[in-house]
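First the structure, in the form of structure tokens, and then the observations on it.
What follows is calculated from the coordinates using simple rules that are stated; it is not laboratory data. Since the structure is predicted, the reported quantities are computational estimates derived from the model, not experimental observations. Using ideal geometry, Cβ is built from the backbone for each residue, glycine included, and neighbour counts are taken over all protein chains shown.
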Amino acid sequence: MRESNMSTPVYIPSYHRSDPKLCTSVALMYSLGFDKVILCPRVSQRKEYHANFPDTFILPIPDNVRGLGDTRQYLLQRMHHDRPVIMMDDDIRHFSYKKDPTQFGGLKRATTAHASSIIAGLLEWTDHQEIACACVTDRYLVSKPHKTKHVPFAFMRQFMVLKGNFIKAGITVNDTQFFSDISLTLNVLKAGIPCRIPMNLCVETPAMTITAAKGGCGVMREPLISKHGRANAQDKMWRKLSRIHKDVIDEWEDETGRLHHRIGWAKAYHLGLQEPPWK
């Protein structure tokens, strides 16, 4: 990896995961050679993070910033440079790699060389665009067979490469608290922002239910559990997401009254190709 890539800022929002066994992304990025890792906990948690990560720069987030969407929005609004940055979840344990994207499965733990090379390619590609977004996505998508090593659209979350001027395109990442990754992806695609997602590398994270006790940025400004139960609250948030993206999300109820949704990722991508509104 080129020396300039090693100094790429790596922003890691985190909430109540000061234990290095939970906040694994810090050690992972150091192991790949990145030297500008920036941990972003809440102000009230700064001391506990500094105690466990004494050699890592701490950028505290105000305590009244709630949820991952609001946290990302806060950080993006303060990035004014036009060089690429990395923004990633705090619990990524390692990357997995497969040599042939056209095959089903075949994922193995990525070597440092494989992960560094692919991430370096994303950084260099993003740097050559006026504005862009790249992403290393999850195992579910990458394990499927694909005709090419990269695809121009997919559900983007967990590990993103983007320009510091990303917010100037009018992209918001806090439209919703729950399903904020879905809304972010659809906003990017509909805005016609170029995207690049490798199909031979994915992130690996633990299977974990997000609660305040287990950390993460999952504590919302709007409660997930309503007085009518979790399912009712999720339906409410899905309806909100459908209203925001009614041009690409179909919503219907089955005969039992259960709510269903279909997200048109390809439709959002082609809408963005027609006339990118950020230009």
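Here are the numbers:
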read-out: Derived scalar couplings ³J(HN,Hα) [the range 24-33; Karplus, 6.51 cos²θ - 1.76 cosθ + 1.60; whole Hz; x for Gly, Pro]; value: 7, 5, 4, 4, 4, 6, 5, 5, 8, x
read-out: Per-residue HN-Hα couplings for the range 105-116 [Karplus 6.51, -1.76, 1.60; θ = phi - 60°; Hz; x = Gly/Pro]; value: x, x, 7, 9, 4, 6, 6, 4, 5, 5, 5, 4
read-out: Cα centroid separation, the range 179-198 to the range 36-59 (Å); value: 29
read-out: Cα centre as origin, Lys/Arg/Asp/Glu Cβ charges: the range 73-190 dipole, Debye; value: 420
read-out: Net charge dipole size for the chain [Lys, Arg +1 and Asp, Glu -1 on Cβ; Debye, nearest 20]; value: 180
read-out: Sorted by Cβ neighbour density within 10 Å, fewest at the top, the residues 94, 114; value: 94, 114
read-out: Entries of 190/267; 36/163; 21/108 with Cα pairs more than 19 Å apart; value: 21/108
read-out: Mean separation of Cα contacts under 8 Å, 6 or more apart, over the residue count of the chain: relative contact order %; value: 21
read-out: Of 160, 87, 79, the one that fluctuates the most in a GNM where the chain has Cα springs shorter than 10 Å; value: 79
read-out: Estimated vicinal HN-Hα couplings, Hz - the range 57-67 in sequence order (Karplus 6.51, -1.76, 1.60; Gly, Pro = x); value: 5, 10, 10, x, 9, x, 4, 7, 7, 10, x
read-out: Separation between Cα centres of the range 96-173 and the range 9-33, rounded to whole Å; value: 19
read-out: Proxy reagent accessibility, fewest Cβ within 10 Å first, across 15, 30; value: 30, 15
read-out: Ranking of 143, 96 by count of other Cβ atoms within 10 Å, fewest first; value: 143, 96
read-out: Cut-off under 5 Å, modelled amide H: who pairs with residue 42 long-range; value: 16, 61
read-out: Calculated P(r) tail over 16 Å for the range 96-168, as whole % of Cα pairs; value: 54
